[in-house]
1. For V156, which of the numbered conditions (1) of a type outside the set (F, W, Y); (2) modelled with pLDDT of 90 or more; (3) more than 22 Å from the chain's Cα centre (by Cα) fails to hold?
2. How many residues, within the range 141-185, are over 20 Å from Y203 (Cβ atoms) and surrounded by 13 or more Cβ atoms within 10 Å (Cβ to Cβ)?
3. Are any of the residues in the range 70-87 surrounded by fewer than 10 Cβ atoms within 10 Å (Cβ to Cβ), within 30 Å of S141 (Cα to Cα) and out of contact with any helix residue (DSSP H, G or I) (no Cβ under 8 Å at 6 or more places or on another chain)?
4. Out of curiosity, is T87 more than 30 Å from A215 (Cβ to Cβ) and touching a residue at least 24 places away in the same chain (Cβ under 8 Å)?
5. Looking at the range 199-212, which of the residues that are modelled with pLDDT of 90 or more and of a type in the set (A, V, I, L, M, F, W, C) is nearest to Y82 (Cα to Cα)?
6. Among all residue pairs at least 6 apart or on different chains, which show Cβ distances below 8 Å where the first residue, located in the range 107-122, is surrounded by 12 or more Cβ atoms within 10 Å (Cβ to Cβ) and the second is of a type outside the set (S, T, N, Q) and part of a loop (DSSP other than H, G, I, E, B)?
7. Name the helices (runs of 4 or more DSSP H) wholly within the range 23-142 that hold at least 2 residues that are modelled with pLDDT of 85 or more and over 30 Å from T196 (Cα atoms)?
8. What do you reckon, is E61 out of contact with any Cys (no Cβ under 8 Å at 6 or more places or on another chain), farther than 30 Å from R222 by Cβ and not basic (K, R)?
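The values are calculated or read from the model by the stated rules, or taken from the named source; none is laboratory data. Values in this document were obtained by computation on a predicted structure and should not be read as measured data. Backbone-built Cβ (ideal geometry, glycine too); neighbour counts: all protein chains shown.
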Amino acid sequence: MKTTERNIGDKIFDILVYIFVTIAVLVCIYPFIYIVSVSISSGTAVNRGEVWLYPVDMNFEAMKTVLRHKQLWISFANTFYYTIVGTFLNIVFTCLAAYPLSRRSFFLRRRLNFLLAFTMYFSGGLIPIYIVVTGLGLYNSRLAMVLPVLISAYNVMICRSAFESVSEELYENAALEGANDFIILYKIAIPVIKPTLAVLTLYYAVSHYNDFFNAMLYISDRNKEPLQSFLRRILLQASMEIMQTTSLDMAAMNQSTLQVRYVCIVVAVVPVLMFVPFVHKYLVQGTMLGAVKG
């Protein structure tokens, strides 16, 4: 009887879990489906509120209008530059910082680990950082989007834990063979923690791709602004900026304003959706490797 009751309880629990997960998936997916549907529907159908799930009177004029806007592609190019260069430097300096902090033989290991953790809870604030960046002559420079966020203390800790999980015998054997620390790092440590580095690459890349706040602070030249700053201006300030570059009349412009905003969102999300599947399989494995030692 107890076994039967327990089995029935397990089945009820599984059903509730499936229902909850299904609802959560629908809640997460529906907004994106709605945005895509609005972006490729006719402006009249959108204004009448006829679009709620699937496209109505499919029309790609709004998509064409956005894709013909020159500033969009300039911002896209800037964002790819910041993301690729910034992520590469992030991973390099994160490894260089995490590796010595993971070695027990490093005499400053404890003190530097304490200072690293200290920066996660206390900082100088926004104004001192702004003064430092402008004082170094980085204002309105592409480096202003990369150097202030060169290292994340949290990601360094994850990478440090991953290095600590590597067998100390591998390090000792390599040292006996004459390998120095740079060779050990490049030939042994990094290949072992590739799943963790894949996850950190995803973290850094998404952070750079979505960064607009630093651009608001340090970038005033529109030829250097990232995609997110461009989208912010379109979504919150002046969505008519794109519409005025077309030959549409005022009625059509008013109908298409909402669509232009949604098309911009779709265009911005597509690169991330294309990138994430390549590192998805490393996500759980890499996070657990960096979070659990042993």
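1. With (1) of a type outside the set (F, W, Y); (2) modelled with pLDDT of 90 or more; (3) more than 22 Å from the chain's Cα centre (by Cα) applied to V156, the lone miss is (3).
2. Residues flagged as over 20 Å from Y203 (Cβ atoms) and surrounded by 13 or more Cβ atoms within 10 Å (Cβ to Cβ) within the range 141-185 amount to 15.
3. yes
4. For T87, the condition - more than 30 Å from A215 (Cβ to Cβ) and touching a residue at least 24 places away in the same chain (Cβ under 8 Å) - is not met.
5. Per the criteria, the residue is A205.
6. R109/R103
7. Once the helices (runs of 4 or more DSSP H) in the range 23-142 are filtered for at least 2 residues that are modelled with pLDDT of 85 or more and over 30 Å from T196 (Cα atoms), what remains is 70-102, 126-135.
8. no
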